[in-house]
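Inspection log for the structure reproduced underneath, given as structure tokens.
Values in this text are rule-based calculations from the coordinates and carry no lab data. Quick caveat, the model's predicted, so the values are computed rather than measured. Note: ideal-geometry Cβ built from the backbone for every residue, glycine included; neighbour counts use all protein chains shown.
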Amino acid sequence: MTPRERWTAIFAGEKPDRIPTDYWATDEVTSRLCKELGCADKEALYTRLNIDGVIHVNPERTVKHFPGDPQADIWGLRRTAIQYGAGSYDEFANHPLADMTTVEELHAYPWPSPDDLDYERFRKELAAAPRHRWVRSGEFEPFLMYCALRGMENAMMDLLVEQEFVDTALEYIFTYHHAVNERIFEIGKGRIDVTYVAEDLGGQTALLFGIPEIRKFILPRQKKMADLARSYGVHIFYHTDGAAFDIIPDLLDVTGIELLNPIQWRCPGMERERLVEAYGRRVIFHGAVDNQFTLPFGTAAEVRQEILDNIRIFSGARWICAPCHNLQPVTPTVNITTMYETIHEFGRM
Amino acid sequence: MEDLQKLYDAILTGNAKVSKEVTQQALAAGSDPQALVQKYMIPAMDEVGRRYEANEYFVPELLISARAMKASLELIRPLLAARGAEPAGRVVIGTVKGDLHDIGKNLVAAMLEGAGFEVIDLGVDVPPEKFIAALNEKKANLVAMSALLTTTMNSMKTTIEAFKAAGIRGNIKVMIGGAPVTEKYAEEIGADGYSTNANGAVALARKLVAA
């Protein structure tokens, strides 16, 4: 089977020849792996490690910057690179909605336009994408964007005390993404396999927000976005970090998710056996290779054991083997190769 | 003192406007600032913590309660300082070098303040020498540091090593936190304790200062 055929089979509820795999990593890790394993590019890396990775194709922006601020992106956000020794990551340097107090200010804000994207180039890139892999297009994670625009603490408090404000801002963010996704699904008819719908609802030990707030502000727009994708035959890749067990029924029944990522099974309530028993017949589990302890700090033998455990535990369900979130530079190469070599050796179905 | 139940309720429900007003009125009427803290504010934040542990409160509720508590404490703190009241302990807190993720740290700081500790918040991306300078200057007996990322948690180890090199490790208790932190990791790097959440951090801090 090709990587495409494996993903298609598992989404269809059929048995692929082997457990499909996926790859999430920072650019630093990908560069390092390519260099150390002698791979010219990501496709060569996927071939070398037998990764059924999905190709991401999204339209570039034609308008790059916020009106009057060449340092900011189209949302008005500036970024700054934070060095931590082994690498760096971008953090937001401003929160343009932080000081706003009225919805009128939101109405006056120059929100980005869905027109300012290069759809022609997107069409060409989509046509050029490898046919033997699944293609993912479109992204939707509006509360994360709201946190960036408003500042995380304000954003979270708004869910309780500035509900009209947060709802208005989320509607602007949603409207933009809905319009963009509608255009790209139309252009990509028959070529786009899956779209990314996400919101981090779980923390390390519990849900981040109460279920009433999730139901009020998060789920209805997720459902609309998922409905749009479904109307084009595009599958839903759903991501929420953390301890999210209590919200899974809503994700299944309201959003209508088909796949749940990243399965942080060390978080309370997210035990693999429990997930398989409760939802194994309704959802594909994606991830589940621990990226907080096993991959970065475990031994290769521990990584191998975790893969073997996962094969056993998920045998009664559908699982796509991948790291829980992006591999970070702190993770030894041998742990990464062990993950993919073990699933290749023992993942035959 | 029936009216002061409003202070407890305002903090518990995260109403900063009311907590500030009630505190102003109480102080104007001659209430003992220490009693406001001990009888209403600390119990309210303890209840907030209990509700968080019980999954009745989530991060937004913690944030608004902390904001209400701070609105009240800002009025009370100068009065406590003026009469030389000793805090439950002095804590220097910050996210470690390379890490800017501070919502957890801010919650721990707020809960510690709500529990009667004096909190010296150094903010984010704090290098070891800055922790050391603050510990020395403020005569703090506790240091609390956090990291969200697997890539930055090693800075907690190097910071503790710096405390040893500076000869102050024996004078202070070190508590750590953050998503990837475990008890095993805390032991490995020689911290005195760790907590998975802000409420647990208060219990830990109380235990460490009593030890």
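Under 30 Å Cα-Cα from B:K173, which lysines qualify once same-chain neighbours fewer than 8 residues away are excluded?
Result set, ordered by chain and number: B:K39, B:K70, B:K97, B:K105, B:K130, B:K138, B:K139, B:K157, B:K164, B:K184, B:K207.
How tilted is helix B:198-210 with respect to the longest principal axis of chain B? Cα atoms for both, answer in degrees (0 to 90, nearest 10).
The helix B:198-210 is inclined about 80 degrees to chain B.
What is chain B's relative contact order, in percent, from Cα pairs under 8 angstrom and six or more apart in sequence?
Relative contact order of chain B: 18 percent.
Which whole-number percent gives the relative contact order of chain A, counting Cα pairs below 8 Å spaced six or more residues apart?
Worked out over chain A, it gives 19 percent.
Across the range A:337-349, in residue order, what do the Karplus-derived ³J(HN,Hα) couplings come to in whole Hz, using 6.51 cos²θ - 1.76 cosθ + 1.60 with θ = phi - 60° and x for Gly and Pro?
5, 4, 4, 6, 5, 5, 5, 6, 6, 10, x, 5, 9
Could you tell me the calculated FRET efficiency between B:K184 and A:T62, based on Cβ-Cβ distance and R0 = 51 angstrom, to the nearest 0.05?
0.50
Working out 0.36 nm times the residue gap between B:L27 and B:E47, then minus their Cα-Cα distance, what length gain in nm do you get to one decimal?
So the extension gain works out to 4.9 nm.
Using a 10 Å cut-off around each Cβ, can you sort A:V180, B:V143 from fewest to most neighbouring Cβ atoms?
Exposure proxy ranking, most exposed first: A:V180, B:V143.
So what's Rg/Rh here for chain A, counting alpha carbon atoms and using the Kirkwood radius for Rh?
The Rg/Rh ratio comes out at 0.95.
Between rounded, prolate and oblate, where does the range B:90-210 land on the alpha carbon gyration tensor, with a ≥ b ≥ c its root eigenvalues, rounded for a/c under 1.5, else prolate if a/b exceeds b/c?
rounded
For B:N55 and B:R169, calculate 0.36 nm times their separation in residues minus their Cα-Cα distance, and state this gained length in nm to one decimal.
Result: 37.4 nm gained on full extension.
Quick one: order A:E345, A:E153, A:E141 by neighbouring beta-carbon count within 10 Å, fewest to most.
Fewest to most other Cβ atoms nearby, the residues stand as A:E345, A:E141, A:E153.
Taking the beta-carbon count within 10 Å as an exposure proxy, list A:M100, A:M349 from fewest neighbours to most.
Least crowded to most crowded, the residues run A:M349, A:M100.
Distance from the Cα centre of the range B:158-193 to that of the range B:39-104, in angstrom?
22 Å
Hey, what do the phi angles of the range A:114-124 turn into as Karplus ³J(HN,Hα) couplings, whole Hz, using 6.51/-1.76/1.60 and θ = phi - 60°, x for Gly and Pro?
Karplus-based 3J(HN,Hα) across the range A:114-124 equals x, 6, 8, 10, 8, 6, 5, 5, 4, 4, 5 Hz.
Can you give me the distance in nm between label points at A:K224 and B:Q5, each placed 7 Å from the Cα along the Cα-to-Cβ direction?
The two pseudo-label positions are separated by 4.4 nm.
Checking the cross-link filter: which lysines have an alpha carbon closer than 21 Å to that of A:K216, excluding same-chain neighbours under 8 positions apart?
A:K224
Would you compute, from DSSP H runs of 4+ residues alone, the mean residue ellipticity of chain B at 222 nm, taking -39500 (n - 2.57) per run and dividing by the full residue count, rounded to the nearest 500?
Mean residue ellipticity at 222 nm (helix-derived): -16500 deg cm²/dmol.
Between the range A:131-202 and the range A:251-282, how far is it from one alpha carbon centroid to the other, in angstrom?
21 Å
Tell me, what HN-Hα J-couplings in whole Hz come from the Karplus equation 6.51 cos²θ - 1.76 cosθ + 1.60 at θ = phi - 60° for each residue of the range A:42-48, using x for Gly and Pro?
Using θ = phi - 60°, the values come out as 5, 4, 5, 5, 4, 5, 4 Hz.
Obtain the nm distance between the two label points defined at B:Q38 and B:A203 by a simple spin-label model: each point lies 7 Å from its Cα along the Cα-to-C-beta direction.
Inter-label distance under the simple model: 2.4 nm.
Report, ordered by chain and residue number, the lysines lying within cross-link reach of A:K42, taken as a straight Cα distance under 28 Å and ignoring same-chain residues fewer than 8 apart.
Those lysines meeting the cut-off are A:K15, A:K64, A:K124, A:K189.
Fully extended, how many nm does the chain gain between B:A133 and B:A81 (0.36 nm per residue separation, minus their Cα-Cα distance)?
Result: 16.5 nm gained on full extension.
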